[in-house]
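What follows is a set of notes on a single structure, which appears directly below.
The values are calculated or read from the model by the stated rules, or taken from the named source; none is laboratory data. Bear in mind the structure is a predicted one, so any value in this text is a computation, not a measurement. Cβ coordinates were reconstructed from backbone atoms using ideal geometry, including for glycine residues, and neighbour counts include every protein chain displayed.
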Amino acid sequence: YSHKKRKEKPREFGLTVIIETKLGLKLQKDFLDLMADYIDLAKIATGVAALIEDQTLRKKIDLYHKNNILAFPGGQFLEYVIAKNKVREYFSDVIKAGFKLVEVSDNLIDISPDKKCSFIKMATQEYGLKVLGETGSKKVSSDIKLLIKDIKNCLECGVWKVMFEAAELFENGKFKSNIIKAISQDIDIKNIIFELPGSWIPKITISDIHSLQVWLIENLGSDVNIANVDPFEVLGLEVERMNLFNI
């Protein structure tokens, strides 16, 4: 049986970004043997990278890179070091570990657009890192106009793509599709990676995660960029991208 083929990696859109917290090296290898073709980026979530022994972390990153998957530490790690005034040390350590990509976010801390831009430029211009920006708050619902302004600021400052915080898309467990519709009218969605929600967002169910995934593909196309994908749901997402359930 033949079906529509997606663009081969490295891709600039249609990106699948997994969120990774607990894959040992053996499981990671088995997982990638089966699914590597369908994964573009791997986020080592939150501060998990700091808990993994240095040599093991380097092996994990190298294994991703050998499979043409860019690994990066979650943006909350950078927010932590911003609060500790250790940003340069962080970027140096990121490079030593083997990362080539970082996420610059302000989900939990308040920093000015200029300050956020300075961290983006520091990473790209001084350390040669590729950068993902992130917009949105985990704590409060933001004004749509401010979210759009932040996305544009990140892009102008030199990020590759902008991650869109999943918590902004839900209120009391209900999906706010108007936000994505407003953003897609003002910004090329190829520059945005939409995060799926998780259990860290109140009143979110597994069904909500799957429903958003389907909504994104049906409304923005099979080449929409999607993040926070559970590693073991990658093939299911690819089936949906290829519309293989449409009988």
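Summary table below
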{"item": "Any hit, the stretch 94-117, residues being out of contact with any helix residue (DSSP H, G or I) (no Cβ under 7 Å at 6 or more places or on another chain), polar (S, T, N, Q) and either in a loop (DSSP other than H, G, I, E, B) or surrounded by 15 or more Cβ atoms within 10 Å (Cβ to Cβ) (or both)", "result": "yes"}
{"item": "Subset tally (residues that are among the β-branched types (Val, Ile, Thr), within 22 Å of GLU171 (Cβ to Cβ) and either surrounded by fewer than 20 Cβ atoms within 10 Å (Cβ to Cβ) or over 18 Å from the mean Cα position of the chain (by Cα) (or both)) for the stretch 210-239", "result": "1"}
{"item": "Test: LYS121 is closer than 30 Å to GLY98 by Cα, in a helix (DSSP H, G or I) and not small (Gly, Ala, Ser)", "result": "yes"}
{"item": "Single condition TYR127 does not satisfy, out of (1) of a type in the set (Phe, Trp, Tyr); (2) free of Cβ contacts under 8 Å to residues at least 60 places away in the same chain; (3) surrounded by 18 or more Cβ atoms within 10 Å (Cβ to Cβ)", "result": "(3)"}
{"item": "Helices (runs of 4 or more DSSP H) (entirely within the stretch 137-224) containing at least 2 residues that are polar (S, T, N, Q)", "result": "177-186, 206-220"}
{"item": "Any chance ILE44 is modelled with pLDDT under 95 and touching a strand residue (DSSP E or B) at 6+ places or on another chain (Cβ under 7 Å)", "result": "yes"}
